[in-house]
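Just below is one structure, and these are the notes that go with it.
The values are calculated or read from the model by the stated rules, or taken from the named source; none is laboratory data. Given the structure is predicted, the values throughout are model-derived calculations rather than measurements. As a convention, Cβ positions derive from the backbone with ideal geometry for all residues, glycine included, and neighbour counts pool all protein chains shown.
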Amino acid sequence: MRALTVTPGVKNSIRLEDIDPPTPSSSQALLRLQEIGICGTDLDINQGFYGEAPPGSNYLVTGHESLAIVEKVPGSDHGISKGDLVVPTVRRPDSCMNCLNGESDMCLTGNYREHGIKRLHGFGAEFAVSDVDFLVKVPSKLADVAVLLEPMSVAEKGVYQAFKIQERMLWKPNRVLILGAGPVGLLTTYLLRLKGLEVVVTATRAKDSGKARLAQRAGAVYVNTMEQPLQSLGKFDLIMEETGSAQVAMQATSMLNTNGIMCFLGIYSSTTAPEDIGLFYKDVVLGNKTFFGSVNANINYFKMGLKDFAEIENRFDRILRDTISVRISPDEFQKAYAQNKDNIKTVIRFNN
């Protein structure tokens, strides 16, 4: 079968090659892949920054954002049947207490495995396998957008955790700042607009760019920070940092209102910044401010995302469909790795 593979640690090793199809275990479903989405994690793996092949393999099948059809499933007590449209989650648990409690996204040891990232082949192939208990069944009416469910689960978790943490007090947020207008940033925008919050989205693309237009369609305010300084935007009750820029993140910390909360969803490189750390700590203490990080998402957040997808499509006139910039064939995979900043989400189609 055809598969997109990389050699972990080797820059620009992404390739389309023929490999043997997988053989599912007694607890796994065989999946016929329909689509995979390409994100920054896939690009970083191709740059050799991280990625780990399964034991005994010298390559890693890429792709963790996916949509598939169940080709074969063991037993009949999982609520999943042959022919079902599904999205598999990414992370598989180890034996820590959080993983055993269904919270692999809160793993204590780091010994989890992740499809297409760490020690498990991904879904960028004509066929793949996944544990049946980690499949989310998708209604046919959402088939055109379900490949976005994995990044949506990341947005769902970040927002849910922010509100959960703020149960420590009476908190009625009004104004939200979303730093970054990539796929997760836009999906977070749609989600928070569903909640009726005033949302400001910042990025460095023009105000007539595709990203800006999507943010505005959802009722958010879009700001190009190349034209308007970030700190001119005032104060916010909730800040979702999704740029992965340490400089942007640090600059935004002073923009929280009293009792505000800031969620970090980016992956940051080592950066030395000439900030007054004492002033920052004083502001955190006197303002009762909270900062937290969020990564990955367990199956519950996938299910939340699926529920919200239907309302987002209805409320914002098929906005999820327009969040997918282009669909290409596996033979055109290099286009997905060219880092076209005007594209929002590139999807590679298999078996279509």
Inset, instruction - Determine, yes or no, whether residue 162 is among the aliphatic types (A, V, I, L, M), modelled with pLDDT under 95 and farther than 18 Å from residue 63 by Cα. - result: no
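Yes/no matrix, rows are residues, columns are (1) surrounded by 15 or more Cβ atoms within 10 Å (Cβ to Cβ); (2) touching a His at 6+ places or on another chain (Cβ under 6 Å); (3) more than 18 Å from residue 125 (Cβ to Cβ); (4) among the acidic types (Asp, Glu):
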site: 49; (1), (2), (3), (4): no, no, yes, no
site: 58; (1), (2), (3), (4): no, no, no, no
site: 65; (1), (2), (3), (4): yes, no, no, yes
site: 74; (1), (2), (3), (4): yes, no, yes, no
site: 78; (1), (2), (3), (4): yes, no, yes, no
site: 82; (1), (2), (3), (4): no, no, yes, no
site: 86; (1), (2), (3), (4): yes, no, no, no
site: 89; (1), (2), (3), (4): yes, no, no, no
site: 94; (1), (2), (3), (4): yes, no, yes, yes
Inset, instruction - May I ask you to list pairs of residues, at least six apart or on different chains, whose Cβ atoms are under 6 Å apart, with the first in region 159-173 being in the same structural domain as residue 186 (by TED's automatic domain parsing) and the second being crowded, with 16+ Cβ neighbours inside 10 Å and in a helix (DSSP H, G or I)? - result: 159/191
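Here's the yes/no breakdown for (1) closer than 22 Å to residue 225 by Cβ; (2) of a type outside the set (Ser, Thr, Tyr); (3) under 29 Å from the mean Cα position of the chain (by Cα); (4) not assigned by TED's automatic domain parsing to the domain that holds residue 189:
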site	(1), (2), (3), (4)
244	yes, yes, yes, no
248	yes, yes, yes, no
253	yes, no, yes, no
256	yes, yes, yes, no
262	yes, yes, yes, no
271	yes, no, yes, no
274	yes, yes, no, no
277	no, yes, no, no
Inset, instruction - State the number of residues belonging to region 259-292 that are of a type outside the set (Gly, Ala, Ser) and in contact with a Phe, Trp or Tyr (Cβ under 8 Å, 6 or more places away or on another chain). - result: 8
Inset, instruction - Scan region 106-131 residue by residue and report those that are of a type in the set (S, T, N, Q) and over 21 Å from residue 85 (Cα atoms). - result: 109, 111
Inset, instruction - Read through the list (1) closer than 30 Å to residue 182 by Cβ; (2) of a type in the set (Asp, Glu); (3) assigned to a loop (DSSP other than H, G, I, E, B), then give the number of the only condition that residue 17 fails. - result: (3)
Legend entry - Looking only at region 28-55, and only at residues there that are more than 24 Å from residue 351 (Cα to Cα) and in a loop (DSSP other than H, G, I, E, B), the one that is farthest from the chain's Cα centre (by Cα): 55
